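Notes for the one structure printed next.
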Amino acid sequence: MIFDPPLQSGQLISRYKRFLTDIRQDNGEVITIHCANTGAMTGCAEPGTRVWYSTSDNPKRKLPHSWEIAESPAGHFICVNTARANQIARELIEQGALAPLTGYARLRTEVKYGEENSRIDLLLEDDHRPSCYIEVKSVTLLDEREQAGMGYFPDAVTSRGAKHLRELMAMKAAGHRAVLLFMVLHSGIVRMRPAAHIDPLYSQLIEQSMAAGVEILCYRPHLGVQSMVAQDFIPFESCHLLPEGSE
């Protein structure tokens with residue numbers, strides 16, 4: 001995925017009302033841009049952070065600019081636009097870059113499914129194998145207090161995420177394939193855990209879903225201010241595999 005037109009840069013002043021961000025452009029002008037990330041954005045939104053933003057030519061948009069990338073004090077790039085996770089996941093699957101998710105004849109997005117009024121992010125279908133339901137989650141929380149390069153999800157309590165895990169378990173029970181795909185959009189993250197210290201219920205549901213046969217995949221694309229391209233899978237450490245008392 002190439003950012004086209006190229007991103008512009010500035011310095012973060014503040015993020016407020018969840019969707020609004022004030023930045024100072026390189027020419028000194030202060031503008032308000034849209035922030036698509038409704039999470040806590042821990043470590044991504046400190047005043048003074050270097051940011052990059054895109055520009056839309058849609059005349060109906062109230063704010064033409066969208067916050068895309070933040071640069072951490074350590075020099076890591078973080079894609080804060082959560083909509084990009086689904087976009088890059090789809091592109092990588094269509095390119096055949098995600099080996100566990102290849103071999104299907106059709107890909108559809110935002111398909112209604114389940115008992116809780118959900119829409120699946122990606123649905124892979126084929127006439128000769130079970131359908132594959134894929135929920136995509138964007139990972140941006142890096143917490144290195146226990147281990148270098150450790151990423152966590154979620155960064156805030158997520159009832160919506162819990163609903164999606166229940167739906168995936170139901171799809172697996174119905175004979176389909178069910179996948180939780182973490183798209184790791186922080187260049188400093190090299191391994192992942194569920195954030196039991198932030199949302200214990202979600203962490204418990206992760207364990208239940210794995211026991212029920214839901215697949216957990218963590219993929220880290222190569223992230224820069226010009227593009228996001230294929231890179232590698234990273235390890236996922238479920239809580240039950242951790243040493244006793246480590247969480």
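Structure data summary
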read-out: Coil-residue GluC sites (Glu not before Pro) of the range 123-179, DSSP, other Cβ within 10 Å capped at 13; value: GLU144, GLU146
read-out: Signed unit charges on C-beta, dipole axis of the range 100-230, positive-most listed residue ALA148, LEU165, HIS176; value: HIS176
read-out: Aspartates and glutamates with Cα under 18 Å of LYS62, excluding same-chain neighbours fewer than 8 positions away; value: ASP22
read-out: For the chain: relative contact order, % (alpha-carbon pairs under 8 angstrom, 6 or more apart); value: 16
read-out: Qualifying trypsin sites (Lys or Arg not before Pro) for the range 127-180 [loop in DSSP, other Cβ within 10 Å: at most 10]; value: ARG145
read-out: Tensor-based shape of the range 120-247 (alpha-carbon gyration tensor, a/c under 1.5 rounded, otherwise prolate or oblate); value: oblate
read-out: Loop-resident sites, the range 1-110, for GluC sites (Glu not before Pro), counting at most 13 other Cβ within 10 Å (DSSP); value: GLU29
read-out: Anchor LYS163: lysines whose Cα lies under 17 Å away (excluding residues fewer than 8 positions away in-chain); value: LYS112, LYS137, LYS172
read-out: Estimated [θ] at 222 nm from DSSP helical runs (n ≥ 4, -39500 (n - 2.57)) normalised by residues in the chain, nearest 500; value: -5000 deg cm²/dmol
read-out: Percent carbon-and-sulfur accessible area, the range 75-228, ignoring ligands, DNA and RNA, probe 1.4 Å; value: 47
read-out: Spatially proximal lysines relative to LYS60 (Cα-Cα < 20 Å; intrachain offsets below 8 disregarded); value: none
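The values are calculated or read from the model by the stated rules, or taken from the named source; none is laboratory data. Because the structure is predicted, anything quoted here is derived from the model rather than measured. We place every Cβ from the backbone using ideal geometry, glycine too, and count neighbours over all the protein chains shown. Ligands, DNA and RNA are excluded from the accessible area calculation, which covers all protein heavy atoms including side chains. Shrake-Rupley method; radii C 1.70, N 1.55, O 1.52, S 1.80 Å.
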